[in-house]
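Structure first, commentary second.
Computed from the coordinates by the stated procedures, all read-outs in this text should not be read as laboratory data. These figures come from a predicted structure and were not determined experimentally. Here the Cβ positions follow ideal geometry from the backbone for every residue, glycine too, while neighbour counts run over all protein chains shown.
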Amino acid sequence: MPAMASASKGATTWLLDIDGTLVFTDHLYRQVFQRLLTPLGYDVTDDFYAANVLGKVDADVFGKLMPEGTSEAELLAMSKRKDQCFVELYNECTQADGAPPMLKGLGEALSLAKEQGVRCIAVTNAQRGAGEAAIASLKAHIPAASIIEGLVIGAECAHAKPHPDPYLEGMRQLGVTAEECLVFEDSRSGVKSGMAAGVMAVIGLTTSMGGEQLRELGCVATMADWSPEHWPKELQQSGASRAVSPEGA
């Protein structure tokens, strides 16, 4: 199997978004938001979810959608309820399926990265409970997921994505520079965050947006999932991995 490579020479660190990048969770989050928002009169369709939830932090989502006059304490309580609901649903589905809802090829990609000495950290706008549940499930099912050294929560930074703070914090925790890093993202806010952090390159996962949209935002390349045959040409150059381009890539 051909190894996979960095966008260019020198990339030794992967900064990884979670939802839509490592695991498929939009369908679970949509169920959670349906439970929370339907009683408030909202119809949580795909379009509604994309416009009002995807890539956003809870403070922005609930601040906009909760009734006028909702207190900060009530907004925080709703956010905690959402996180608890998601963790319960995620763990139930993972147990029922026998594996987390991870993107195809992720285990192979992390194994290859580990062999080449690439370092990784997860950076998400999700709440801590959800982020920890996702990473724990990956580590339980993919030995190479131990490469993920930590977890950065956007809401715990001065500013969440689309600001650069979460990715800058990830670099700080690993002790690396932006020039050493690749960001992997699937959302508008995430791509903007990675770009603002000044990393070597942002790679887009087409799980929630089209490739053309991601490139317009600044992604140097896109891929459907982590399978070697889906890695774009830009990632087949020698770098953190010594790669041989897959035939037909």
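Under the classification rounded if a/c is under 1.5, otherwise prolate if a/b is larger than b/c and oblate if not, where does segment 61-205 fall, given a ≥ b ≥ c as square roots of the Cα gyration tensor eigenvalues? Cα axes put segment 61-205 in the oblate bin. Derived scalar couplings between HN and Hα for segment 203-219 equal 9, x, 9, 8, 8, 10, 9, x, x, 5, 4, 5, 5, 4, 6, x, 5 Hz in order, rounded to whole Hz, by the Karplus curve 6.51 cos²θ - 1.76 cosθ + 1.60 (θ = phi - 60°), x for Gly and Pro. Exposure proxy ranking for H27, H159, based on other Cβ atoms within 10 angstrom of each Cβ and starting from the fewest, stands as H27, H159. Here the chain carries DSSP beta bridges of which approximately 5% are antiparallel, counting only pairs with both residues inside.
Using the Kirkwood radius over C-alpha pairs as Rh, can you work out the diffusion coefficient of segment 52-134 via Stokes-Einstein at 37 °C, viscosity 0.692 mPa s, in µm² per second? The estimated diffusion coefficient comes to 216 µm²/s. Only Cα pairs under 8 Å and 6+ residues apart enter the sum, and on that basis the relative contact order of the chain stands at 31 percent. The order of the peptides 208-217, 64-73, 17-26, 43-52 by mean Cβ neighbours within 10 Å, most packed first, is 17-26, 208-217, 43-52, 64-73.
Take the residue pairs K82/K192; K64/K161; K139/K192 and return only those whose Cα atoms are more than 23 Å apart. Long pairs (Cα-Cα over 23 Å): K82/K192; K139/K192.
The amide H of A201, built 1.01 Å from its N in the peptide plane, has V183 as neighbours under 5 Å, considering only residues 5 or more places off or on other chains.
Show me the three semi-axes of the equivalent ellipsoid for segment 1-112, from the C-alpha gyration tensor (sqrt of 5 times each eigenvalue), largest first, rounded to whole Å.
Equivalent-ellipsoid dimensions as semi-axes: 33, 17, 12 Å.
Taking amide H positions as modeled 1.01 Å from N, with prolines and chain starts lacking one, the residues under 5 Å from F24 and 5 or more places away or on another chain are M102, L103. When the charge dipole of the chain is built from unit charges on Cβ atoms (+1 for Lys and Arg, -1 for Asp and Glu) and taken about the Cα centre, the candidate among A136, G218, I121 whose Cα reaches farthest toward its positive end is I121. In the structure shown, do any of K80/K104; K80/K114; K56/K114; K56/K104 have a Cα-Cα gap over 28 Å, and if so which? From the list (K80/K104; K80/K114; K56/K114; K56/K104), the Cα-Cα distance tops 28 Å for K80/K104; K80/K114; K56/K114.
Phi angles across segment 181-187 convert, under the Karplus curve 6.51 cos²θ - 1.76 cosθ + 1.60 with θ = phi - 60°, into 3J(HN,Hα) values of 10, 10, 9, 10, 9, 10, 10 Hz, Gly and Pro given as x.
When the Cα convex hull of segment 137-202 is projected onto planes of every orientation, the mean area is 4.7 nm².
In the chain, Rg over Rh equals 0.97, where Rg is the alpha-carbon radius of gyration and Rh the Kirkwood radius from pairwise Cα distances.
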